[in-house]
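Colleague: Below is the structure I would like to discuss, written out as structure tokens.
Read-outs throughout are calculated quantities, based only on the coordinates presented, and are distinct from any laboratory measurement. Predicted model, so just to flag it, every value in this text is computed and none were measured. FYI the Cβ positions are ideal-geometry reconstructions off the backbone, even for glycines, and counts take in every protein chain you see.
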Amino acid sequence: MKIIIVILSIFLVGLLIQNDKMKQQIQECKSEFWKLSELLSIEKNDKKNDQQIRQLLKRYITSEKSEISLITVESIKKKKLIKNDFMPNLCPIEGDYAISQKYSKKHPAVDYAAPTGTPVIAAASGVIISIYEDEYFGKSILVNHFDYITFYAHLSEIFATKNEFVKKGQQIAKIGNTGFSSAPHLHFEIIKDGKSIELITDDKLEILEY
């Protein structure tokens, strides 16, 4: 009798664990679907978005380019700096952190573990195209950098607003534990052509494209 009870208990525990995993997978799918829907809506309105983004960035680029009209070594350096400004290769965390999860096919992002309230900064200059909150990713931000889009999730506070132009290194949020998260961290993702791309983490991010 005791053996039967033990077997039944193990079976029930197994079912509960399986049920929790299924719930998590369903929530992950819902959140990924929402994110993809958001990216698709951006893609559908590309012309409109491009016009809005270009208008917002025009002042910044024009003011920078006005200083590099002559072709000199300095002007070439300046042009490279402008191009680099929109490349998301800056670590999105200001302060100490640990990589709690690296990029993989199952997890196409990098998780930065740090205390709640740690500053989250823009990995590149760009325009905030979406701010939202859901059960899985919690408080989240999408930033458009022309060729790339960056995604920041599980935030505690957000300081940026939709359609706002943000500069590379500017604080846009704070690390949190919102959504489906077991500890404070930043879920950071780089997207190109609707797909997440691999990156190597360091003080500077190295983007791997195949």
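Colleague: Quick check: net charge around A122, other residues with Cβ under 9 Å of its Cβ, Lys/Arg +1 and Asp/Glu -1?
Modeller: +2
Colleague: Let me ask something else. Can you figure out the FRET efficiency of D147 with Q101, using R₀ = 22 Å and their beta-carbon distance, to the nearest 0.05?
Modeller: Calculated value: 0.30.
Colleague: Another question about this same structure. Past the 26 Å Cα-Cα mark, which pairs from K139/K167; K83/K105; K102/K162? Don't jump to the answer; show the numbers that get you there.
Modeller: Values: K139/K167 21 Å; K83/K105 29 Å; K102/K162 29 Å.
As for pairs spanning more than 26 Å Cα to Cα, those are K83/K105; K102/K162.
Colleague: Something else now. Please find the FRET efficiency linking E133 to N84, where r is the Cβ-Cβ separation and R0 is fixed at 25 Å, and quote it to the nearest 0.05.
Modeller: Efficiency, from the Cβ-Cβ distance: 0.20.
Colleague: Ok, one more. Would you list the P(r) distribution for region 84-208, with all Cα-Cα distances sorted into 10 Å bins from 0 and each bin expressed as a whole %?
Modeller: The percentages, shortest bin first, are 15, 52, 32, 1.
Colleague: Could you check the spin-label model distance between E94 and S182? Points 7 Å from the Cα along Cα→Cβ, value in nm.
Modeller: Between E94 and S182, the label points sit 3.1 nm apart.
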